[in-house]
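Have a look at the structure below before the remarks.
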Amino acid sequence: MMDSKIKGYACPRCTVGRCSPREMIFSEVHQGQLLAIPNMLAYVCDVCNFVEFAQETLEALWQELYGEQTGDATVEDMPAVSQQKRSSSYGE
């Protein structure tokens, strides 16, 4: 599945642009502290700037942050904000 996304895909938000891979800073509040990870793979729309981080990377991060606390947690168990990080303009 990852191979098909490497070249980009139709934007699920605007349906006009293409989401292409780019490295971005992932940021989120974790246990009351700001967590910022540079150079994380994301897909960004060239028209509406929709941002979606690579699911495989988010799953690995989830396991690092919460794996010991929850055992075999999956990405579906993640807090909603982490499942798909989107730009601040999402849903406007």
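Read-outs: derived from the displayed coordinates by stated rules, not from any lab. Nothing here was measured: the structure is a model prediction, and the numbers come from that model.
In order along the range 13-20, phi translates into HN-Hα couplings of 8, 9, 6, 9, x, 10, 8, 10 Hz, rounded to whole numbers, per the Karplus curve 6.51 cos²θ - 1.76 cosθ + 1.60 with θ = phi - 60° and x for Gly and Pro. Here's how it looks for PHE50: its modeled amide H is under 5 Å from those of CYS45, which are all 5 or more places away or on a different chain.
Net length available on complete extension from ARG22 to ASN49 is 8.6 nm, with 0.36 nm assigned per residue and the Cα-Cα distance removed.
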